[in-house]
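Heads up, the thing below is written out as structure tokens.
The values are calculated or read from the model by the stated rules, or taken from the named source; none is laboratory data. All of these numbers come straight from a predicted model, not from anything done at the bench. For neighbour counting, all protein chains shown are included, and Cβ atoms are generated from backbone atoms with ideal geometry for every residue, glycine included.
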Amino acid sequence: MSFLITGGASQVGSVIARQLKEAGQKVIIASPRLDGSYQPSTTHSTPGEPIRGVYILLPPGYVDPSENIKAFVDAAVTHGVQRFVLLSGSAVAKEAQGFGISTVWRYLDERKLDYFALRPTWFIDNFYELYGKDIRGSDEFLTVMPNAKMPLISVEDIAKLAVKVFLAEKNDRTEQRIIGPELVTYDQMVFGRKITHKTVAPEQMTQHYISLFGWPTEYAQFLVGAELACDAGSEEQWWGKPENAIGEETVREWAVRFQSKLAPTPPSA
């Protein structure tokens, strides 16, 4: 039996794949097509090999690819998949309208499938994925979040929960928030050198994401909107809730682990 990981090169997907392999499990990687659906990599799969579970990541760059993902779920069920783990978010509700994640979540529920929705708070790892280029190049990073307090969670801890869910004989719940072990602001991040956190207007942040990552305007605006909600307390509100799963890695521990990846870019010769 294998586990199919969609978005296997993504932050969470790549770590889930690694941790499953470390646990002695077989892993198949599925790569996104241009239409937002997924195609399993033939180099990582065996024809006809049964799949025990599927990790679902809605492809980044698409605000709502839910119809393609629902078709993907149908195909997976037809081929005997037993369990689905969906990457959602701490502030995303199953009942929310206009969100691809919520649409897929409801679909899994309506079909009465064995599923689990991961609901992490803001990733510590965003410092590398979203702000790493700026930090390496100019010792600064831009956000629209001057006041946000967040229980930042590491991708390693999110993946641990996903693997636990995949390997459990039975899960007693279908969703859970997972938060970091401490409540911090971006200005409290420690990198071993001075890094400046600059707050900019939403319009500037949107254009920055578009120029940096080549994202569609709609997707960049969606992310900036999520950051504005975070600054207004959307992540802080989950701190101290007894139903949360709590990760182990602190911001300082993460920064030490990623220190070399965020080191200043050497000057050009």
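Of everything in the stretch 239-265 that's hydroxyl-bearing (S, T, Y) and farther than 29 Å from E175 by Cα, which residue is surrounded by the fewest Cβ atoms within 10 Å (Cβ to Cβ)?
Within the stretch 239-265, the first condition is being hydroxyl-bearing (S, T, Y), and the residues that meet it are 250, 260, 265.
This time we only want the ones that are farther than 29 Å from E175 by Cα, so: 260, 265.
Numbers: S260: 7, T265: 10.
Per the criteria, the residue is S260.
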Item to check | Count - residues of the stretch 16-28 that are under 20 Å from the mean Cα position of the chain (by Cα) and either buried (at least 21 other Cβ atoms within 10 Å of the Cβ) or assigned to a strand (DSSP E or B) (or both) | outcome: 5
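Does F84 fit the bill of being closer than 22 Å to D172 by Cβ, in contact with an Asp or Glu (Cβ under 8 Å, 6 or more places away or on another chain) and surrounded by 20 or more Cβ atoms within 10 Å (Cβ to Cβ)?
Numbers: closer than 22 Å to D172 by Cβ: yes; in contact with an Asp or Glu (Cβ under 8 Å, 6 or more places away or on another chain): yes; surrounded by 20 or more Cβ atoms within 10 Å (Cβ to Cβ): yes.
It is true that F84 is closer than 22 Å to D172 by Cβ, in contact with an Asp or Glu (Cβ under 8 Å, 6 or more places away or on another chain) and surrounded by 20 or more Cβ atoms within 10 Å (Cβ to Cβ).
This table checks each residue for (1) farther than 30 Å from V81 by Cβ; (2) touching a residue at least 24 places away in the same chain (Cβ under 8 Å).
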| residue | (1), (2) |
| --- | --- |
| G100 | no, yes |
| D109 | no, yes |
| K112 | no, no |
| Y131 | yes, no |
| P151 | yes, yes |
| K198 | yes, yes |
Checklist entry - Among the candidates A71, A30, which residue alone is farther than 30 Å from E235 by Cβ and at pLDDT 70 or above? => result A71
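Which is at negative phi, surrounded by fewer than 23 Cβ atoms within 10 Å (Cβ to Cβ) and touching a Ser or Thr at 6+ places or on another chain (Cβ under 6 Å), of K170, K149, K133? Can you show your working first?
Details: K170 fails: touching a Ser or Thr at 6+ places or on another chain (Cβ under 6 Å); K133 fails: touching a Ser or Thr at 6+ places or on another chain (Cβ under 6 Å).
Residue meeting the stated conditions: K149.
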Checklist entry - Considering the stretch 144-181 alone, what residues qualify as being under 23 Å from F222 (Cβ atoms) and among the β-branched types (V, I, T)? => result V144, I153, V155, I158, I178, I179
